[in-house]
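Notes to accompany the following structure.
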Amino acid sequence: MEEERQTGPSKKIRPQMIDLEGPYRLLYCSSKGDKEGVTQEIEKGVSPNLADYDKRTALHLASCEGCTEIVDLLLQKGADVNSIDRWGRTPLSDARSFGHEEICKVLEEHGGTDPVGLDSQNPCYEIDHSEVGMDDKTLIGEGAFGAVYLVKWRGTEVAAKTIRSSVASNPKAKCTFLKELALWQGLRHPNIVQFLGVVKSSDRLIFLTEYLRNGSLYDILKKKGRLDPLTAVAYALDIARGMNYLHQHKPHAIIHRDLTPRNVLQDESGRLKVTDFGLSKIAQEKAYGSFKMTGGTGSYRYMAPEVYRWESYGKSVDVFSFALIVHEMFQGGPSNRAESPEAVADRRAYENSRPSLPSHVYPDEIKLLLRGCWHGEPESRPSFEKIITDLELIQEKLQKKAIGTCCSCCIQ
Ligand SMILES: Nc1ncnc2c1ncn2[C@@H]1O[C@H](COP(=O)(O)OP(=O)(O)OP(=O)(O)O)[C@@H](O)[C@H]1O
C-alpha cells in the first residue's frame with residue numbers, strides 16, 4: 001500500500017488565500033494584532049463573532065496572543081465575551097492560560113467568565129520521568145508526530161509516544177497538544193485507547209497510553225488481507241462503539257477527524273480500539289505555520305468530501321471515514337491503490353466517485369450500510385448509534401447463517 005499519511009489542504013484552495021481574502025482574515029488579523037485589518041474586516045460586514053472549525057473566535061485568538069488593543073476593539077464591536085470553543089474554553093480561559101493579566105481584567109470587566117476555571121491550566125496527569133524505563137525502550141514505529149516506543153512504567157508495559165521537538169518546542173503547538181491530551185485523559189471506554197499521562201520532562205513531550213500488542217488495523221489488513229464477514233462486522237462494531245462514545249461525549253462531541261486503519265489498534269484479546277483523535281489538526285498546524293482555521297485535515301484516502309473541499313464539517317466526517325475502513329476490511333485493502341490518495345479524495349469530492357461493492361464480496365446489508373455512510377450529503381449519513389444497531393442485526397444474521405451452514409455440513 002502506498003504512503004497515505006498525508007495531511008493538509010487540497011490543491012483547490014490554499015490556506016493563504018483564505019487567510020488573506022476571505023472573511024477568515026478577521027481571525028488572522030486578530031491573532032496577529034493587526035488593528036487596521038480587524039477594523040477593515042468588521043467594516044466590510046464580517047461578524048465579530050465569526051469562528052473557525054474549533055469554534056474559536058477572533059476574541060479567543062486575540063486573548064491567547066496577548067493583543068490587548070484587539071480585545072478592546074472586538075468587545076466594542078460586539079464580540080461575545082463568553083464564546084465557547086471546542087474545548088469548552090472562553091477567551092478568559094485562554095488569557096489566563098497564557099498569563100495575559102491585563103486582558104483578563106478587560107474581559108472580566110465585560111462580564112467574562114472562565115467555565116473551566118483553574119482547570120484551564122490543563123494539568124494532564126504527570127508521570128515522573130524516573131518511573132519510566134526510557135533507557136530500555138523498544139521502538140514500535142514512527143508516526144507523523146514522532147516515534148512510539150514500548151516501555152515499562154511501574155512494571156507494566158505501556159506505549160510511549162514521543163513528540164518531535166519541532167512540535168514540542170513551539171509553545172502554541174505544545175499548548176494545543178496538551179489541550180487535546182487533557183480531553184483524551186478524561187475518556188474511558190473499552191474501544192478507546194486509554195491515555196495514561198504525560199511524562200514530566202522539561203524539554204521533551206512524551207505521553208503514555210496503554211500498549212496494544214497486536215498493532216494497527218493497517219498492519220492486520222496488510223498481513224491477512226480480506227477478513228471473513230463475521231470478523232469484519234465484529235471489528236466494525238468495535239470501531240463504531242468507540243466512535244459513538246466520542247460523538248456522544250458531553251458537553252461537546254469529539255470529532256476524530258482522522259479515522260484511518262492506522263488509528264485503530266488491536267489488543268491481545270482481538271478487540272479494536274480507536275486512538276489519536278484530534279491530533280491530526282496539530283500536524284496540519286505544524287506543516288503550515290501557527291494559525292489555521294480551515295478544514296483540510298487528516299488522511300486523504302479516508303477524507304470526507306466536505307473536508308477536502310474546505311467546507312464546514314461535523315461529526316459525520318468520521319462516519320464517511322468509517323465506511324471506507326469497513327470497505328477495506330471486506331476487500332483486504334484500499335481500492336484505487338494505483339491512484340494517489342489525493343487524486344482519490346479529489347474524485348470523491350468533485351465527481352462523487354465511491355469504491356465498488358461487488359455482490360460476491362459484500363452482503364446486501366453491508367452494501368446498504370456503506371452507501372448510507374459515505375453519502376455525499378453529510379446530513380444523510382447515519383449516526384454511529386444507528387450504525388451499531390444495524391451492525392448488530394447484520395452480525396446476528398451472519399451468525400445464524402454460519403451455524404446453518406455448519407449444521408447442514410454435519411448432517412450430510
Ligand atoms: N498504544 C500503542 N500500542 C501499540 N502500538 C502502537 C500504539 N500507538 C501507536 N502504535 C504503533 O506505533 C506506530 C506509530 O504510530 P503513530 O500513531 O505515531 O503513527 P501512525 O498512526 O502510524 O501515523 P500517524 O501519526 O500519521 O497517524 C504504528 O505502527 C502504530 O501501530
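Every number in this text was worked out from the coordinates using simple rules, so none of it is lab data. Here the structure is a predicted model, which means the values were calculated and not measured. For neighbour counting, all protein chains shown are included, and Cβ atoms are generated from backbone atoms with ideal geometry for every residue, glycine included.
Quick one: which of K55/K273; K77/K105; K224/K273; K224/K397; K174/K224 span more than 26 angstrom between C-alpha atoms? Violating the 26 Å limit, Cα to Cα: K55/K273; K174/K224.
The GluC sites (Glu not before Pro) of the stretch 316-370 that meet both conditions, a loop assignment by DSSP and at most 16 other Cβ atoms within 10 Å of the site Cβ, are E339, E351.
What you get for the stretch 209-250, charging only the Cβ of Lys and Arg (+1) and of Asp and Glu (-1), is a dipole of about 80 debye around the Cα centre. In order along the stretch 97-110, the Karplus-derived 3J(HN,Hα) couplings, from 6.51 cos²θ - 1.76 cosθ + 1.60 at θ = phi - 60°, round to 4, 9, x, 8, 5, 4, 5, 4, 4, 4, 5, 4, 4, 8 Hz, and Gly and Pro are given as x.
Close amide-amide hydrogen proximity is noted between V199 and I127, I206, F207, L208, each under 5 Å apart and 5 or more residues distant or on a separate chain (H modeled in the peptide plane; Pro and chain starts excluded).
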